[in-house]
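Notes to accompany the following structure.
The values are calculated or read from the model by the stated rules, or taken from the named source; none is laboratory data. Since this is a predicted model, take the numbers as computed values, not measurements. All Cβ positions, even for glycine, are placed from backbone atoms using ideal geometry, and neighbour counts span all protein chains on display.
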């Protein structure tokens, strides 16, 4: 039994509850997404202040393409509008950006914006912010397996280290803590390989309302956990 090291090195968040946040206020769902986007910069800075080295945010899943076309278009446009201004702020704060997920289904313009943000911040040494956009855990595993099958790596030499090198998260430590806001209690195809031994924390707080008090509660709960990694 191992006491959880503190602070966690890597925190991953399933940002859930934007639509319900808007509905509670009698507002369109998209306004909830705007409020959720408004909260990202604030939360990132708070986690950086707590000494977290890696933060992964689940922004858009591979299944979200099945949402109404208008909502999907709105989410893509929201990302495109925010990425330039937010990248400048993150770069100023020494934050490095990574994209986790597919890029082939994004528009060329949006891909260029993402690539430019990654290039601008690649040498920053503060918190690494991983944005999981068009990301799905099962798809990630399948893509890695297909790539390895197409190489000359002998099957008996494909171990966890080799497999990790072909995931979107290559070079990033597995999350110590996975947080889900909004009250649901499932991973929803998020970091399925990487979260094998992560501590899970669920809160009813909706993502646009998730702030310093909620972060402190999540980190305090993590600090109390005993991490066994299969041992006793």
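Observations on the model:
- Applying the set (1) modelled with pLDDT of 95 or more; (2) more than 15 Å from residue 131 (Cα to Cα); (3) in contact with a helix residue (DSSP H, G or I) (Cβ under 7 Å, 6 or more places away or on another chain) to residue 57 leaves exactly one unmet item: (2).
Every residue, every condition in (1) buried (at least 17 other Cβ atoms within 10 Å of the Cβ); (2) more than 18 Å from the chain's Cα centre (by Cα), yes or no:
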{"site": "64", "(1), (2)": "no, no"}
{"site": "77", "(1), (2)": "no, yes"}
{"site": "89", "(1), (2)": "no, yes"}
{"site": "121", "(1), (2)": "yes, no"}
{"site": "124", "(1), (2)": "yes, yes"}
{"site": "129", "(1), (2)": "yes, no"}
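- Checked against the criterion of being crowded, with 19+ Cβ neighbours inside 10 Å, within 30 Å of residue 34 (Cα to Cα) and at pLDDT 95 or above, the candidates 182, 211 yield just one match: 182.
- Remark: pairs (first residue in segment 133-158, within 23 Å of residue 188 (Cβ to Cβ); second residue loosely packed, with under 13 Cβ neighbours inside 10 Å; Cβ separation under 6 Å; 6+ apart in sequence or on different chains) = 134/105.
- Filter pass, residue 50 being surrounded by fewer than 20 Cβ atoms within 10 Å (Cβ to Cβ), within 15 Å of residue 177 (Cα to Cα) and under 20 Å from the mean Cα position of the chain (by Cα): yes
- Evaluated against (1) modelled with pLDDT of 95 or more; (2) outside any helix (DSSP H, G or I); (3) surrounded by 17 or more Cβ atoms within 10 Å (Cβ to Cβ), residue 144 falls short on exactly one condition, (2).
- Residue in segment 37-47 that is touching a residue at least 40 places away in the same chain (Cβ under 8 Å) and part of a loop (DSSP other than H, G, I, E, B) present: no
- Where residue 125 falls short, out of the listed (1) in contact with a strand residue (DSSP E or B) (Cβ under 9 Å, 6 or more places away or on another chain); (2) part of a loop (DSSP other than H, G, I, E, B); (3) touching a residue at least 60 places away in the same chain (Cβ under 8 Å): (3)
- Within segment 1-51, the residues that satisfy the criterion of being touching a strand residue (DSSP E or B) at 6+ places or on another chain (Cβ under 7 Å), within 17 Å of residue 201 (Cβ to Cβ) and at pLDDT 95 or above are 8, 9, 10, 11, 12, 13, 14, 15, 16, 47.
- Pairs linking a residue in segment 214-232 that is on the phi > 0 side of the Ramachandran plot and surrounded by fewer than 10 Cβ atoms within 10 Å (Cβ to Cβ) to a residue that is at pLDDT 80 or above and not in a helix (DSSP H, G or I), with Cβ atoms under 7 Å and 6 or more positions apart or on different chains, are 229/197.
- Scanning segment 98-119 for residues that are assigned to a helix (DSSP H, G or I) and surrounded by fewer than 20 Cβ atoms within 10 Å (Cβ to Cβ) gives 108, 109, 110, 111, 112, 113, 115, 116, 118, 119.
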